[in-house]
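Written below as structure tokens is the structure these notes are about.
The values are calculated or read from the model by the stated rules, or taken from the named source; none is laboratory data. Just so it is clear, the model here is predicted, and its values are computed rather than measured. A quick note on method: Cβ atoms are made from the backbone with ideal geometry, for glycine too, and the neighbour counts reach across all protein chains shown. These area figures cover heavy atoms from the full protein model, side chains too; ligands, DNA and RNA do not enter into them. Shrake-Rupley method; radii C 1.70, N 1.55, O 1.52, S 1.80 Å.
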Amino acid sequence: MTHDIHIIGGGLAGSEAAWQLAEAGFRVKLSEMRGTGEATPAHHTDGLAELVCSNSFRSDDAESNAVGLLHAEMRGLGSVILREADVHKVPAGSALAVDRDRFSAGVTAALTQHPNITIVRERVDALPADGPTIIATGPLTASGLATNIAGATGADALAFFDAIAPIVHFDSVDMETAWFQSRWNKGEGKDYINCAMNREQYEAFHAGLIGGEKTEFKDWERDTPYFEGCMPIEVMAERGLDTLRFGPMKPVGLDDPRTGRWPHAVVQLRQDNAQGTLWNIVGFQTKLKHAEQVRLFRTIPGLENAEFARLGGLHRNTFLRSPELLDPTLRLKNRPNIRFAGQITGCEGYVESAAVGLMAGRFAIAELRGETLEAPPIETALGALLHHITGAAVAETYQPMNVNFGLMPPIPGRTKKADRKKMYTDRARTAMQGWLATAG
Ligand SMILES: Cc1cc2nc3c(=O)[nH]c(=O)nc-3n(C[C@H](O)[C@H](O)[C@H](O)COP(=O)(O)OP(=O)(O)OC[C@H]3O[C@@H](n4cnc5c(N)ncnc54)[C@H](O)[C@@H]3O)c2cc1C
């Protein structure tokens, strides 16, 4: 064998994983299909770590922003993606934005010149039967491999439209107005947060959905079907004034504690992570523009001051039900020679994809050395993201997720929002130092 590990996919995650392993002295074969005449619908070049859309790695503020904190943790672990981003940054205020071509060229050069990395331009269709492997083929994984991954994981299909509903931070919900209750008091009787609307509020909300500005589908997205089960809420609204009252905003079986009666319509939120810090708005997948979503969803009684961990959207994506399928070190439980990394694990964003690539690389290094490596603590940005992917998220409603403070255990007590963010990042730094001291 000419290599110690095979990495499939030379995007953000695969490049970072390859770098980590090569720097640790392991020989890496990196297979990338671009450069053979193959392409994804979003990539335009043959360069490694191509940024397919925006040129921003988002906030670089490590004191009060979760993605800025993630940057800092990755820099501390020798990330090639962050190193090249820093070299090729362009002015963007407190954000880290890059010259995309120079950035990609920088990553490509670093990997090409590394004596432990062999880049092979080839499309891989089959899942390697044995030998350590990392699959980092991203949200636009080529269809042959996607079919084989689906077969190995028991999924019907992997490429579909995400039905992304907005997710709200629990501590921004006004629980004086909203209340806990399950429809007909089923289950625990209080599994949902409910926000009641009277007729006037509902009709104004309905008009907002119909009139709101939407994002358009890209050409290649039009070919991917979406299902009745994940119909955008504004498409449902267009079917008639009361369609939503018979669908996701159905009020039956829900007693408004202030009136003791069923309201005209109800918006329900369902717990989205084990800590109970994040709640998704049930059935509210939408293609409304982000600013429009914030404006309209804050008209919902109880959500006037809602802070969103993620806004809604519908786009083609390929990702695993990772909380069910992957072990804590990102290995496929039923084929442990295979690890997954990047957006295919269900993280969202350039930085998060590279971060999961970095950790997949580090876990593989430990395994190749015959050691074990625990994930970083959940109080760190890296740890929070990994815990979410490999278990903390609710598997049935699992959807791609950016890093955010809501993935971490809440800071106890009541503090001002600005102070709380600093408390999260201070706590994360201490936890990361502790992990580095034990993880080596
Ligand atoms: C249209 C679109 C726009 C996006 N815009 C943004 C944005 O603006 N900001 C942001 O933060 N995130 C964005 N994302 C989300 C996400 O962060 C990026 O997709 C990110 O590139 C994911 O990193 P990755 O390494 O997991 O996958 P990728 O960067 O896509 O890398 C996967 C690589 O695997 C290769 N590959 C695929 N199949 C095979 C195969 N069978 N054999 C060999 N090679 C294969 C591909 O050619 C590609 O190079 C966007 C996603 C999409 C789809």
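List of remarks:
- Between the C-alpha center of the range 316-383 and that of the range 119-145 there is a gap of 16 Å.
- For R298, the shell of other residues with beta-carbons less than 15 Å away shows a net charge of -2, using +1 for Lys and Arg and -1 for Asp and Glu.
- Most mobile listed residue (C347, C53, C195) in the chain, GNM with C-alpha springs under 10 Å: C53
- Note: relative contact order over the range 47-192, using C-alpha pairs below 8 Å and six or more positions apart, is 15 percent.
- Carbon-plus-sulfur accessible fraction, the chain (probe radius 1.4 Å, protein heavy atoms only): 52%.
- When you filter the GluC sites (Glu not before Pro) in the range 262-312 for DSSP loop state and at most 14 other Cβ atoms inside 10 Å of their Cβ, you are left with E304.
- Solvent-accessible surface of the chain, taken per residue with a 1.4 Å probe and all protein chains present: 42 Å².
- Counted charge near L358, where neighbours are those whose Cβ lies closer than 14 Å (Asp, Glu -1; Lys, Arg +1): -1
- Cut-off 12 Å between beta-carbons: net charge of the residues surrounding A49, Lys and Arg +1, Asp and Glu -1: -2
- Using a simple spin-label model with pseudo-atoms 7 Å out from Cα toward Cβ, T177 and T299 lie 1.3 nm apart.
- Axis angle, to the nearest 10 degrees, between helix 199-211 and the longest C-alpha principal axis of the chain: 40 degrees.
- Solvent-accessible area of K214 with every protein chain in place, 1.4 Å probe, in Å² to the nearest 10: 50
- At full extension, L241 and R75 could sit 54.6 nm farther apart than now, given 0.36 nm per residue minus the alpha carbon distance.
- Only DSSP H runs of four or more residues enter the estimate; each adds -39500 (n - 2.57), and after division by the residues of the chain the mean residue ellipticity at 222 nm equals -9500 deg cm²/dmol.
- Between the helical axis of 100-113 and the longest alpha-carbon principal axis of the chain there is an angle of about 40 degrees.
- Listed residue (F319, I167, T137) projecting farthest to the positive dipole end of the chain, Cβ model: I167
- Förster radius 22 Å - calculated FRET efficiency between A366 and N334 (Cβ-Cβ, nearest 0.05): 0.55
- Beta bridges from DSSP with both residues in the range 1-139: antiparallel share about 25 percent, rounded to the nearest 5.
- Lysine pair count for the chain [Cα-Cα under 15 Å; pairs on different chains or 8 or more apart]: 4
- D99 paired with V120, simple spin-label distance in nm, labels 7 Å along Cα-to-beta-carbon: 3.4
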